1. Cβ-Cβ below 8 Å, separation at least six or inter-chain, first residue in segment 146-173 and acidic (Asp, Glu), second away from the ligand (no atom under 13 Å from the Cβ) and in a helix (DSSP H, G or I): which pairs?
2. Could you grab the pairs with beta carbons closer than 8 Å, sequence gap of 6+ or different chains, first residue in segment 865-877 and without any contact (Cβ under 8 Å) to a residue 60 or more places away in the chain and within 12 Å of ASP819 (Cβ to Cβ), second one of a type in the set (A, V, I, L, M, F, W, C) and assigned to a helix (DSSP H, G or I)?
3. Quick check on this structure: which one of ALA785, ALA798 is in contact (Cβ under 8 Å) with a residue 12 or more places away in the chain, in contact with a strand residue (DSSP E or B) (Cβ under 6 Å, 6 or more places away or on another chain) and within 22 Å of GLY836 (Cα to Cα)?
4. Exactly one condition in (1) at pLDDT below 95; (2) under 60 Å from the mean Cα position of the chain (by Cα); (3) in a helix (DSSP H, G or I) is not met by GLY697; state its number.
5. What tally of residues in segment 229-278 results from selecting those that are among the hydroxyl-bearing types (Ser, Thr, Tyr) and within 20 Å of VAL62 (Cα to Cα)?
6. With the checklist (1) of a type in the set (Asp, Glu); (2) surrounded by 14 or more Cβ atoms within 10 Å (Cβ to Cβ); (3) over 23 Å from ASP283 (Cβ atoms) in hand, flag the one item GLU351 doesn't pass.
7. Consider ASN258 against the criteria (1) within 30 Å of ILE281 (Cα to Cα); (2) polar (S, T, N, Q); (3) over 48 Å from the mean Cα position of the chain (by Cα): it satisfies all of them except one. Which criterion is unmet?
8. Looking at TYR706 and the list (1) in a helix (DSSP H, G or I); (2) at pLDDT 95 or above, which single condition is not satisfied?
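The values are calculated or read from the model by the stated rules, or taken from the named source; none is laboratory data. The shown structure was predicted, so the numbers you read here are calculated from the model rather than taken from an experiment. Glycine also receives a Cβ, built like all others from the backbone with ideal geometry; neighbour counts cover every protein chain displayed.
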Amino acid sequence: MQTHEIIKRFREHFERNGHTVVPSASLILDDPTLLFVNAGMVQFKPYFLGEAPAPYKRATSVQKCVRTGDIDEVGKTARHLTFFQMAGNFSFGDYFKADAIRFAWELVTKSQDEGGYGFDPNRIWVTVYQNDDEAIELWQKLAGLPPERIQRRDGLDNYWDMGVPGPGGPCSEIYYDRGPEFGKDGGPIADEDRYMEIWNLVFMQDLRGEQSPKYGHPPIGVLPAKNIDTGMGVERVAILLQGVDNIYETDLVRAVINKAEELSGKRYGDNEVDDVRFRVIADHARSGIMIVSDGVSPGNEGRGYVLRRLLRRIVRSSRLLGITEPVLGTFAQVVRDEMGPSYPDLVTGFERTLSVVQAEENAFLTTLTAGSRIFETAAGEVRSAGGTVLPGDKAFQLHDTYGFPIDLTLEMASEQGLKVDEDGFRKLMAEQRARAKADAAARKTGHGDKTVYRELLELGATEFTGYQELDTEATVRGLIREGQRVRSAGEGEIVEVVLDRTSLYAESGGQDSDAGLIVADGVELEVVDVQKVARKLWVHQVRVRHGEVVEGQHVLAKVDPEWRVGARQGHSGTHVVHAALRQVLGPKALQSGSYNKPGYLRLDFAWQGGLSPETRSEIEEVSNLAVRKDLPVKVMYGTIEDAQRLGAIALFGETYDETVRMVEIGGPWSLELCGGTHVEHSSQIGPITLIGESSVGSGVRRVEAYVGMEAFQYLAQERALVQNLAGMLKVPDAEVPARVEALVERLRVAEKELDKLRGAQLLSSAGTLADAAEDLGGTFLVAAAPAGVSGNDLRTLAVDVRGKLGDKPGVVALFSAADDKVSFVVATTAAGRDKGLAAGKLVPVFGPAIGGRGGGKPDLAQGGGTQPGGIPDAIAALRTEIQK
Ligand code: SER
């Protein structure tokens, strides 16, 4: 009997018996105690507890259920699974034990021709809760079961509750004996493989507290009424009625395996290794697709994370079966076709399901493909070197860069007959953790640790709302402190905040990030910086001013409106200056980089040589004319081809998305690909004033400008400067240049006059010095340190004095001292030289006294020293030498 028929008969049986048919609830019910709905009764919980009046006294449903406790075991056995369907009948204070037993027995044992399941009554066994004599009697009376096929069990087996405080009650379970070939005699208490449980009848009457009656703790109360909750395992009945061994061979599950066989060219049942993969695919495809269909998207936490594991395990297992093409869409179709008749949502919402699973698969395959290539190369190298062990650093690289779990690498290696150096791998992992820790400690913000961002990115890109609004309601997706995810951050802390949406512009395209706040009740975060990670994730660096921000919190992202006005002026101003540059210098003057923030802009462009002042003025004038013309600023979207056709300027080195954003100012005059924020009309930019032009490398020039209020303030300052000067010069502003020119001229004339005077003075002092020459036994010495004479003047003076000595044998030695330096000039007359006095030779005689050295020709020598205090000693040494 096909599964759908089993479901249909169940439904019809209970409908005939006065039950309202209730559709399966979503797997995601608003119950904080449950990750996924895991039993048929979950949607009826409020009725059992009396929290809400039941709209019907009797109900029946076939509920999709997911239990994810042992995902890792799925596939390894034919027993574990994450998805199943539970058919149930429910009574809310209506019928109780007797009817529950009667209804179940009828359906199970009625012949198939009469609409039942046709199980042989002689192979049915039941269990009851330890002292439930009433149930034992009823089974004998209503079903005619002999006492030896009714077994008592304790709470562990025969008390049912949700695992948390709530409704509960003793139960009675129905088993089918599959025969001695499946295990030993003795009923369910002896062997639960041979005696397969198919149906659990819960006599729901208790309110369980923190501790479960399963373990002997008494219930804390009774429910407002006595109820019935039953659950029949649809797949288990299918196993029995289809005569197959396990759930994987039942019709609906097998359909997925069939598809996997078709795609892989392998057969289920051929070998145990592949069978594990087939089973993983079959089970996870059902749970994964059903979960997506109920609105969950893959993520890194909670349900999203479980879903991601399920989907990725399918992809991995498919790869290991040798399937190279994407599979999730295909398996999703199989699940839709098989399960759709029972779950219409699966069909109506299929488009979304398809796009969700395909996106997840693409994301995973990108890493898988890249990693597999690395793996193949590494494995090839190991083999050709005659080795058998894949080095730990390769496994580490695969893990670190390609997100390969180590068990995937192990599996791939073993397929090639290779081992993996797991110890080496673990050592590198440990090292990396230590490094990351040290790194995080050394860094104020954690842009280094990309995995954190990758993780957050998997929750989805940040939606940027800053083109439309300044204030945006958002949810905190994640908080990062020193490169690590944290749940919360308190006053004074500096953390990074990732939001699902934000109005704050992240630094890009030359435009600085927005200033602003992120606020919530009692919480205020000052936004210090905003950066985009991977072009999709907005990371706000903030300082917590007040309160505590927590992950998941609803917040308001607020752009500082003043800042944004300035930012728009700055960015539009940059486009205008760029267009003006190209108008004045020609199209070769292409921007190679830019930076702008409120009030300031900087633009680097290709150009050889400096700009003349006239050119600069012209660029400035063209820019300001464009402002005055109040040109409309238009934002357009299109493909990159559209942009090229329109002649938009795309900047070298930038990457663009499929849809590009173009900003046009005054038509084609200025059309650039740009994601920035702009004014609506060029007049809103305000004045633009160039403040400098310089070289920033070969062939690249930089212009800087102030815009808006800053331009005004800059000009106001300049004006104040001129007024200041005019005040000092006591002339009207306009006469400042003429007055300065006149002053400079007067200064020049005065300096010339001064030079003349100094020359005359030197000449007169030469006579005085010569007159004072010492006669040292027929040789004359002029040695002095004339005040106020230095440098070239010293030399000139020495030569003049020598001239004044005429044909007498003589030596002239002049010194000049300043701070800790001495300079000197020594000159000899021709007659002196005839007597053997050479200037150059005299230097070593007196030099040491002034700590100096020097040298020169016989007629003239000069040099310097470091001890001005030694001048008298130097002169004395000269005197002695001449007297020799
Ligand atoms: N709630 C019980 C179970 O899950 C019967 O439906 O087994």
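1. Going by the 8 Å Cβ cut-off, the qualifying pairs are ASP161/PRO213.
2. So the pair list comes out as THR866/ILE850; GLN867/ALA849; GLN867/ILE850; PRO868/ILE850.
3. On the way: ALA785 fails: within 22 Å of GLY836 (Cα to Cα).
Checking each option against the conditions leaves just ALA798.
4. GLY697 satisfies every listed condition except (3).
5. Residues of segment 229-278 among the hydroxyl-bearing types (Ser, Thr, Tyr): 230, 248, 250, 264, 268.
Now restrict to residues that are within 20 Å of VAL62 (Cα to Cα): 230, 248, 250.
Selection size over segment 229-278: 3.
6. (2)
7. Evaluating ASN258 over (1) within 30 Å of ILE281 (Cα to Cα); (2) polar (S, T, N, Q); (3) over 48 Å from the mean Cα position of the chain (by Cα) leaves (3) as the failure.
8. Condition (1) is where TYR706 drops out.
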